[in-house]
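The values are calculated or read from the model by the stated rules, or taken from the named source; none is laboratory data. Here the structure is a predicted model, which means the values were calculated and not measured. In this analysis, Cβ positions are derived from the backbone assuming ideal geometry, glycine residues included, and neighbour counts consider all displayed protein chains. Surface accessibility is based on the protein's heavy atoms, side chains included, excluding ligands, DNA and RNA. Shrake-Rupley method; radii C 1.70, N 1.55, O 1.52, S 1.80 Å.
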Amino acid sequence: MDRALERTKILSNHLVQSSSRQILSTNACLSYSPPELAEVFDFDVKEMRQLLDGHNLQDRDWLFNIIMQSRLFNPTKRGEKVFVTPDYNQTKEMQREITVKRIDYLLERGVFQGWLTEKGSQAELKKIALQEVTAIFDHSLSIKIGVHFFLWGGAILFFGTKRHHDKWLRDTENYVVKGCFAMTELGHGSNVRGIETVTRYDSNTGEFVINTPCESAQKYWIGGAANHATHTIVFSQLEIDGKNQGVHAFICQIRDADGNVCPNIRIADCGHKIGLNGVDNGRIWFDNVRIPRENLLNSVADVTPDGKYLSSIKDPDQRFAAFLAPLTSGRVTIASSAVYSAKVGLAIAIRYSLSRRAFSLKPNEPEVLLLDYPNHQRRLLPLLAKTYAMSSAANYLKMIYVNRTPQSNKTIHVVSSAFKAILSWHNMRTLQECREACGGQGLKTENHIGHFKGEFDVQSTFEGDNNVLMQQVSKALHSEYIAAQRKNTPFQGFGLEHMNKPCPVIPSQLTSSKLRSSQFQMDAFCLRERDLLSRFVSEVSQLQAKGETKEIAFVQSYQLAEDLGRAFSDRTILQIFIEAEATVSSGSLKNVVGLLRSMYALICLEEDATFLRYGYLSMDNAAAVRKEVMQLCSELRPHALALVSSFGVPDAFLSPIAFDWIDANSWSSVHQ
């Protein structure tokens with residue numbers, strides 16, 4: 001009873017003013033105020049977008065407009081605005097069919113023209129730019145297109161020779177042939193070398209015979225296989241006269257022109273997923289399927305009509321590495337699309353926080369905008385700065401990829417592995433923070449962010465598990481270190497030239513100006529990378545000295561390997577961002593880019609425990625970094641709207657809470 005009386009008194013105090021006993025006056029109803037009315041644009045948004053997108057801005061805008069013109073992309077009016085967004089209330093089967101119809105629509109309008117038949121870096125950049133736009137609308141659409149062009153088409157382009165190019169590329173570009181890419185198996189994902197599908201050559205008929213020898217060898221997660229693909233690239237162990245020649249790639253038809261599954265092939269659906277339900281992932285079994293000898297993609301190796309195995313690459317390891325080339329293009333596009341997904345999440349969350357208010361800090365004053373709270377700034381603005389830095393990194397990766405040479409392939413492999421992991425992890429972390437920053441509205445599918453988490457989660461594991469990729473990066477750095485030591489030569493490549501210089505020294509006291517110095521920031525990142533590389537090499541060597549194999553030594557040194565992979569990635573991204581900053585002429589734009597660069601560097605310093613663990617920063621210096629991050633938040637706050645506006649994503653591709661969320665949720669909008 002006493003507890004009930006106490007609770008009644010508390011409730012009464014909430015409802016009645018203690019001094020006058022007057023009922024609290026009601027507040028006026030909330031109204032939406034566009035942030036553009038209050039926020040200042042201190043720099044040229046178009047110039048900033050050019051820095052961010054880097055290439056093919058007109059082509060991107062052209063495709064944005066094409067998408068907005070069709071009912072196929074589900075234009076939906078919410079309040080006074082129209083948004084294009086997939087209808088996620090559809091069944092898995094309906095999502096798959098509408099994805100195909102959207103591809104047909106884009107095909108009719110020439111979107112895919114030249115994607116496989118035009119040569120040169122500009123054609124590749126245009127293809128990547130248009131692919132990035134499709135991912136902003138719907139990741140299923142992007143992946144469905146990507147599997148067809150980048151994996152199936154890329155395999156024919158890279159692994160095939162003229163006979164394959166002439167027969168398959170134009171039909172692939174025009175979707176006469178619908179391709180998929182059968183590499184992953186139930187029992188083997190990242191370990192491609194261990195796949196169990198077996199192909200043998202029958203010299204009596206001049207045919208290869210593909211077989212799934214056990215259940216773990218079934219091809220799994222094959223995008224396009226469940227419903228629509230007519231052909232696939234099969235990755236298989238090749239046996240010639242009883243000798244395993246390793247993994248090779250073959251063209252195999254899996255459906256006829258009427259969509260019927262071919263004889264001796266079995267296909268099953270992978271089922272409903274947490275995202276990407278517009279992609280028909282399937283499983284494939286091959287029961288001694290015969291294909292012509294010419295269907296071996298033979299740029300790396302060939303088999304003569306009488307069954308002799310030929311290859312210009314004698315080393316099996318080098319030959320296997322050559323077969324993984326298409327995965328590089330996949331990692332490039334995953335890294336870049338991850339950045340654009342983060343941009344969409346941040347644009348929505350920051351625009352919402354510039355119009356949504358919560359709590360008054362003083363009596364009779366308006367409630368405070370979410371983004372005017374320091375903790376809200378601290379949640380979103382460092383992620384915004386990271387996204388800017390990673391945009392530059394993605395642009396760099398695309399440029400070295402489209403301008404690749406045989407000499408640069410190793411660098412592209414390492415950088416694409418690192419950036420695919422770091423950028424896709426960043427995307428998932430950003431989407432989670434943006435979802436929470438939007439409160440309950442972040443749960444609504446129409447507001448994109450929550451659903452994007454399910455759609456893009458797969459980026460962490462397909463085209464290479466992120467943790468495995470980071471270990472590959474560290475192994476490559478280990479090899480460079482050992483080679484430089486053995487040959488007694490300077491470091492060259494992977495950006496490791498800084499290790500030829502004296503070891504940087506971090507000042508005992510860090511002032512604000514020092515913390516914002518790009519030289520200090522690079523020194524700190526280089527110090528961490530060189531020390532972790534030295535520690536990693538030493539630990540592996542010590543384990544080998546105790547009798548462990550190099551492979552086991554790498555596995556047991558995984559913690560240092562992970563730390564080193566991140567150190568390499570962070571240093572490379574910072575270096576690229578500094579170079580991008582140097583291209584901007586002096587003025588307000590350069591000043592803001594400088595703030596973003598400092599925020600990126602300092603938030604990395606604050607978040608990575610290795611800076612304290614190994615003593616690169618003292619406790620006092622770590623505290624100074626934390627304080628400076630908060631100061632940078634307050635300085636970036638006035639530019640928040642301009643920074644997300646610079647993303648260049650049309651309003652229709654954002655969501656209702658990014659604009660007039662009151663009107664979008666009004667009763668009058670219920671039956672629009």
Discussion item. What pairs come out if I take residues in region 360-371 that are touching a residue at least 40 places away in the same chain (Cβ under 8 Å) and pair them with residues that are part of a loop (DSSP other than H, G, I, E, B) and open to solvent by less than 100 Å² (accessible area, probe 1.4 Å) whose C-beta lies under 8 Å away, six or more apart or interchain?
Written reply: L370/L354; L370/R356; L371/L354
Worksheet item: Looking at region 513-551, which of its residues are free of Cβ contacts under 8 Å to residues at least 24 places away in the same chain, open to solvent by less than 70 Å² (accessible area, probe 1.4 Å) and among the aliphatic types (A, V, I, L, M)?
Response: L543
Discussion item. Under 7 Å between Cβ atoms, which residue pairs at least 6 apart in sequence (or on different chains) link something in region 299-326 that is among the hydrophobic types (A, V, I, L, M, F, W, C) with a partner that is in a strand (DSSP E or B) and open to solvent by 60 Å² or more (accessible area, probe 1.4 Å)?
Written reply: A301/L310
Item to complete: Considering only region 565-670, give the helices (runs of 4 or more DSSP H) lying wholly within it that have at least 2 residues that are of a type in the set (S, T, Y), at pLDDT 95 or above and open to solvent by 10 Å² or more (accessible area, probe 1.4 Å).
Response: none
Practice prompt. Kindly indicate which of Q50, Q95 is over 18 Å from S391 (Cα atoms) and not acidic (D, E).
Written response: Q95
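Quick grid of which residues meet (1) in contact with a Leu (Cβ under 6 Å, 6 or more places away or on another chain); (2) touching a residue at least 40 places away in the same chain (Cβ under 8 Å); (3) among the aliphatic types (A, V, I, L, M); (4) within 15 Å of I274 (Cβ to Cβ):
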{"site": "T405", "(1), (2), (3), (4)": "no, no, no, no"}
{"site": "S408", "(1), (2), (3), (4)": "no, no, no, no"}
{"site": "F419", "(1), (2), (3), (4)": "yes, yes, no, no"}
{"site": "T430", "(1), (2), (3), (4)": "yes, yes, no, no"}
{"site": "C438", "(1), (2), (3), (4)": "no, yes, no, no"}
{"site": "Q441", "(1), (2), (3), (4)": "no, yes, no, no"}
{"site": "E446", "(1), (2), (3), (4)": "no, yes, no, no"}
{"site": "F452", "(1), (2), (3), (4)": "yes, yes, no, yes"}
{"site": "Q459", "(1), (2), (3), (4)": "no, yes, no, yes"}
Worksheet item: Which of the residues that make up region 474-491 are surrounded by 12 or more Cβ atoms within 10 Å (Cβ to Cβ) and outside any helix (DSSP H, G or I)?
Response: F491
Worksheet item: Would it be correct to say that L431 is open to solvent by less than 60 Å² (accessible area, probe 1.4 Å) and under 22 Å from S33 (Cβ atoms)?
Response: no
Discussion item. Return the residues of region 76-95 that are in contact with a strand residue (DSSP E or B) (Cβ under 6 Å, 6 or more places away or on another chain) and within 10 Å of D138 (Cβ to Cβ); say none if nothing qualifies.
Written reply: V84
Worksheet item: Quick one: would you say E480 is charged (D, E, K, R) and within 17 Å of the chain's Cα centre (by Cα)?
Response: no
Item to complete: Out of R351, R319, R331, report the one residue that is among the basic types (K, R) and under 16 Å from H426 (Cβ atoms).
Response: R331
Worksheet item: Which one is nearest to L636 (Cα to Cα), of the residues in region 26-44 that are hydroxyl-bearing (S, T, Y) and open to solvent by 90 Å² or more (accessible area, probe 1.4 Å)?
Response: S31
Item to complete: Would you check which residues across region 261-313 are closer than 22 Å to L151 by Cβ, of a type in the set (K, R) and in contact with an Asp or Glu (Cβ under 8 Å, 6 or more places away or on another chain) and list them?
Response: R266, R283
Discussion item. Contact list please: Cβ distance under 9 Å, first residue in region 267-291 and over 17 Å from A182 (Cα atoms), second residue assigned to a loop (DSSP other than H, G, I, E, B) and open to solvent by 30 Å² or more (accessible area, probe 1.4 Å), pairs at least six apart or on different chains.
Written reply: N277/Y88; N277/Q90; N277/T91; G278/Q90
Discussion item. Checking the structure you have, find out if any residue of region 352-368 is assigned to a helix (DSSP H, G or I) and either of a type in the set (D, E) or open to solvent by 20 Å² or more (accessible area, probe 1.4 Å) (or both).
Written reply: no
Worksheet item: In region 448-462, which residue that is hydrophobic (A, V, I, L, M, F, W, C) and open to solvent by 30 Å² or more (accessible area, probe 1.4 Å) is farthest from D87 (Cα to Cα)?
Response: F462
Discussion item. Need a quick list: strands (runs of 3 or more DSSP E) entirely within region 241-338 having at least 3 residues that are open to solvent by 70 Å² or more (accessible area, probe 1.4 Å) and either of a type outside the set (S, T, Y) or modelled with pLDDT of 95 or more (or both).
Written reply: 243-253
Worksheet item: In region 45-96, how many residues are hydrophobic (A, V, I, L, M, F, W, C), open to solvent by 40 Å² or more (accessible area, probe 1.4 Å) and under 14 Å from T134 (Cβ atoms)?
Response: 3
Fill in: Residue tally, condition within 18 Å of E132 (Cα to Cα) and more than 14 Å from the chain's Cα centre (by Cα), over region 390-408
5
Item to complete: Specify the residue that is farthest from E108 (Cα to Cα); the eligible residues are those in region 64-93 that are acidic (D, E) and part of a loop (DSSP other than H, G, I, E, B).
Response: E80
Worksheet entry | Residue satisfying all of: in region 170-182; under 12 Å from A225 (Cα atoms) and not small (G, A, S); farthest from the chain's Cα centre (by Cα) among these | K178
Discussion item. Return the residues of region 40-73 that are of a type in the set (D, E) and in contact with a Leu (Cβ under 7 Å, 6 or more places away or on another chain); say none if nothing qualifies.
Written reply: D44, E47, D59
